[in-house]
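The values are calculated or read from the model by the stated rules, or taken from the named source; none is laboratory data. Because the structure is a prediction, the values reported are computed rather than measured. Backbone-built Cβ (ideal geometry, glycine too); neighbour counts: all protein chains shown.
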Amino acid sequence: MKLIYTCVLVLFCFSGFAQNKKHTSYIDLNNFKGYIALHNNEILHLIQEHPQGFILSWNKKTYGFEDWEQRFNYPDYGFSFAYQNFNNDVLGNNVSVYVHYNFYFLNRNLMFRIGQGLAHNSNPYDRETNFKNVAFGSTLMSSTYAMINYKRERIFDRFGLQAGFSLMHYSNANFRAPNNGTNTIAFNIGMTYNLDEKELEYQDTLDRVADKKFTEPIKYNVVFRSGLNESDLIGSGQFPFYVFSGYADKRLNRKSALQVGADVFFSNFLKELIRYRSVAFPDENLSGEEDFKRVGVFVGHELFVNKTSLLSQLGYYVYYPFEFEGRVYIRAGLKRYFGKKWFGALTLKSHGFRAEAVEFGVGIRL
């Protein structure tokens, strides 16, 4: 309980200097309890009890003083802190922090939240002391959570209530093996507290007809991505990877753009995996000299939200000399624009539900 009180105090202090005339803010505290979804038979032995915990959030409310706020029906954005007890000595506990957005539907009674952040696990895999934890191969991991709540604010003075369902995903994206990860599906119930006495008036000044007609000429993007990852073979080692991407995008309106392009992958962990499999599995007829490079083509979509955008791409390897997780790949993540041309990117590349890497990128849109 001391941990909860400390977090509440920090959020109250933070809100004290975060107010201005164009925003108000509130905090919410949700308790949850659920179960670990079986997405991989390798974690079957880890599904024993019902995980539980809490999510504490600070939220800044928007009222349409900027066009993007009206465009997305006056969303909230803020920070979340989560604690999850797996009730399993092998898995330990997770503590995580996120940046999140809240989007509203059904006369603002239905809230959808999406958050991305980092998590810390108290008891990751260790070959000698905790070899059963094949879910978490490292102490530090990436985490994504989604929440859908029915919500009513200011029911009792500044206090409100909300309830719904949450999904919490933990994975280190093959930064270190093993990396089977977990997905917690939970029911949550909680309360909200508005930090401001009154709400502001929602603005409705956006020319929505002109917004829909907005378009741009085709833009050309060049991106360099890199990071570290490891194959699923425990102890095979971490290696740097490099990805060079080029694509064209066509802006359809203020919110969306379609993309088509190509990737060239230099995944050094495949060098070690090819060498290992050529020795350990002679029936596969590998020479050990197979090319570790891959080339893919993709189509994608970019959703523009203020200076941040949400990226999703679906790709197919056209050059694929070594079999690894299949020819189809997915990339999803965030882009942050710095000015009109330059941007940074944080993306997750995966093959279905099997993550390959977290990619840190920098690019230019011309």
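Given the criteria buried (at least 18 other Cβ atoms within 10 Å of the Cβ), aromatic (Phe, Trp, Tyr) and touching a Leu at 6+ places or on another chain (Cβ under 8 Å), does residue 360 qualify? Walk me through it before giving the result.
Values: buried (at least 18 other Cβ atoms within 10 Å of the Cβ): no; aromatic (Phe, Trp, Tyr): yes; touching a Leu at 6+ places or on another chain (Cβ under 8 Å): yes.
Spelling it out, it is not the case that residue 360 is buried (at least 18 other Cβ atoms within 10 Å of the Cβ), aromatic (Phe, Trp, Tyr) and touching a Leu at 6+ places or on another chain (Cβ under 8 Å).
When only residues in the stretch 239-286 that are under 16 Å from residue 324 (Cβ atoms) and among the small types (Gly, Ala, Ser) count, which is modelled with the lowest pLDDT?
Among them, the one singled out is 280.
Anything in the stretch 244-253 that is within 24 Å of residue 68 (Cβ to Cβ) and either buried (at least 19 other Cβ atoms within 10 Å of the Cβ) or of a type in the set (S, T, N, Q) (or both)? List them, or say none.
247, 249, 253
When the stretch 101-136 is examined, which residues are found to be surrounded by fewer than 13 Cβ atoms within 10 Å (Cβ to Cβ), among the aromatic types (Phe, Trp, Tyr) and under 30 Å from residue 202 (Cα atoms)?
Passing the criteria: only 105.
Residue by residue, here is whether (1) surrounded by 14 or more Cβ atoms within 10 Å (Cβ to Cβ); (2) under 30 Å from residue 76 (Cα atoms) holds:
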{"residue": "264", "(1), (2)": "yes, no"}
{"residue": "272", "(1), (2)": "yes, no"}
{"residue": "279", "(1), (2)": "no, no"}
{"residue": "300", "(1), (2)": "yes, yes"}
{"residue": "311", "(1), (2)": "yes, yes"}
{"residue": "324", "(1), (2)": "yes, no"}
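Give the number of residues within the stretch 53-72 that are part of a helix (DSSP H, G or I) and either of a type in the set (Asp, Glu) or surrounded by 22 or more Cβ atoms within 10 Å (Cβ to Cβ) (or both). Step through it out loud before you land on a result.
Taking the stretch 53-72 as the starting set, the residues that turn out to be part of a helix (DSSP H, G or I) are 67-71.
Checking which are either of a type in the set (Asp, Glu) or surrounded by 22 or more Cβ atoms within 10 Å (Cβ to Cβ) (or both) leaves us with 67, 69.
The number of residues fulfilling the criteria is 2.
Could you please let me know if residue 173 is among the small types (Gly, Ala, Ser), out of contact with any Asp or Glu (no Cβ under 6 Å at 6 or more places or on another chain) and in a loop (DSSP other than H, G, I, E, B)? Step through it out loud before you land on a result.
Details: among the small types (Gly, Ala, Ser): yes; out of contact with any Asp or Glu (no Cβ under 6 Å at 6 or more places or on another chain): yes; in a loop (DSSP other than H, G, I, E, B): yes.
The answer is yes for residue 173.
Here are the criteria: (1) of a type outside the set (Ser, Thr, Tyr); (2) over 17 Å from the mean Cα position of the chain (by Cα); (3) surrounded by 15 or more Cβ atoms within 10 Å (Cβ to Cβ); (4) part of a strand (DSSP E or B). Tell me which single one residue 330 does not satisfy.
That leaves (2) as the condition not met.
Of (1) surrounded by 14 or more Cβ atoms within 10 Å (Cβ to Cβ); (2) not in a strand (DSSP E or B), residue 283 satisfies all except one. Which?
Only one criterion in (1) surrounded by 14 or more Cβ atoms within 10 Å (Cβ to Cβ); (2) not in a strand (DSSP E or B) is unmet by residue 283, namely (1).
Does the stretch 60-91 hold any residues that are touching a strand residue (DSSP E or B) at 6+ places or on another chain (Cβ under 8 Å) and within 21 Å of residue 187 (Cβ to Cβ), and which are they?
Across the stretch 60-91, the qualifying residues are 80, 81, 82, 83, 84, 85, 86, 87, 91.
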